[in-house]
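So the structure is just underneath, and the comments pick up after that.
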Amino acid sequence: MNILLILGHPDGTRRHLCHALADAYAAGARQGGHEVRVVDVARLEFPLLRSQQDWEQGTVPAALAPVQRDLEWAGHVVLFFPLWLGDMPALLKAFLEQVARPGFAIGKDHGNPLTAKLLKGRSARVVVTMGMPALVYRWYFRAHSVKSLERNILGFVGFAPVHETLVGSVEQLGESGVAKWLMRLRRAGEKAA
């Protein structure tokens with residue numbers, strides 16, 4: 001399977017747990033015989049979208065055109081990001097807005113957008129790191145931002161199924177906890193799950 005990993009951590013100055021998890025997933029995927037490409041959002045330069053007209057009729061920034069080609073190539077996409085203020089970092093959201101334009105991710109006409117999912121036939125996994133316990137985020141906060149990403153962005157453009165991996169209490173994991181998560185992601189990569 002062709003797998004695209006999207007590193008959504010906005011800090012490109014140093015490595016974080018998201019990077020290690022993505023590396024583990026990539027190693028497992030390659031071991032499983034899958035092709036892997038990686039996009040590191042923090043290393044890309046692109047402007048914010050500021051109007052509906054720009055989103056609908058503007059052109060995708062040159063730095064993101066290769067990402068659209070990678071998305072067309074991929075059969076499975078894995079997004080890695082930390083939970084910031086209860087949601088994905090703003091840079092990742094801006095990236096998704098630029099990449100998922102009408103005519104590429106959804107139909108360009110003004111008919112029913114639910115019938116124009118141009119990226120269908122692809123599956124996805126969302127891997128989120130967070131300071132709070134994952135159970136608190138899942139049950140008390142109902143994983144609202146991850147559910148929104150799954151339903152309102154990934155599902156809206158055709159990704160199905162979409163699975164999630166929530167890595168909570170990251171500051172308390174310790175070496176053994178990190179090692180367990182790396183092994184889990186490596187196994188998921190091997191299966192392209």
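Counted over the stretch 44-170, the DSSP beta bridges are approximately 10% antiparallel.
FRET efficiency for the residue 63 to residue 160 pair, using the beta carbon distance and R₀ = 35 Å, is estimated at 0.80. Atom-type composition of the exposed protein surface of the stretch 1-152 places 54 percent of the accessible area on carbon and sulfur (1.4 angstrom probe). Magnitude of the charge dipole for the chain, about its Cα centre and with charges confined to Cβ atoms of Lys, Arg (+1) and Asp, Glu (-1), is about 460 debye. Normalising the average separation of contacting C-alpha pairs (under 8 angstrom, six or more residues apart) by the number of residues puts the relative contact order of the stretch 1-69 at 38 percent.
Temperature 20 °C, viscosity 1.002 mPa s: under these conditions the Stokes-Einstein estimate for the chain, based on its Kirkwood radius over C-alpha pairs, is 125 µm² per second.
As a test of the formula, what do you get for the chain when each DSSP H run with n ≥ 4 contributes -39,500 (n - 2.57) and the sum is divided by the residue count, at 222 nm and rounded to the nearest 500 deg cm²/dmol? Helices in the chain give a 222 nm mean residue ellipticity of -9500 deg cm²/dmol. Local charge for residue 161 was computed over the other residues whose Cβ lies under 12 Å away, with Lys and Arg +1 and Asp and Glu -1, and equals +1. Between the stretch 1-39 and the stretch 134-161, the alpha-carbon centres lie 20 Å apart. Taking the charge dipole of the chain about its Cα centre, with +1 at Lys and Arg Cβ atoms and -1 at Asp and Glu Cβ atoms, the residue from 177, 80, 13 reaching farthest to the positive side is 177. With each label modelled as a point 7 angstrom along the Cα→C-beta vector, the residue 48-residue 138 pair spans 3.4 nm. Given their separation in residues at 0.36 nm each and the Cα-Cα distance between them, residue 94 and residue 180 gain 27.8 nm when the chain is fully extended.
Among 21-32, 133-144, how do they line up by average Cβ neighbours within 10 Å per residue, starting with the highest?
21-32, 133-144
The values are calculated or read from the model by the stated rules, or taken from the named source; none is laboratory data. Computed from a predicted structure; not experimentally measured. Heads up, the Cβs are rebuilt from the backbone with ideal geometry, glycines too, and the neighbour counts pull from every protein chain shown. Just the protein is used for accessible areas: all its heavy atoms, side chains included, with ligands, DNA and RNA removed. Shrake-Rupley method; radii C 1.70, N 1.55, O 1.52, S 1.80 Å.
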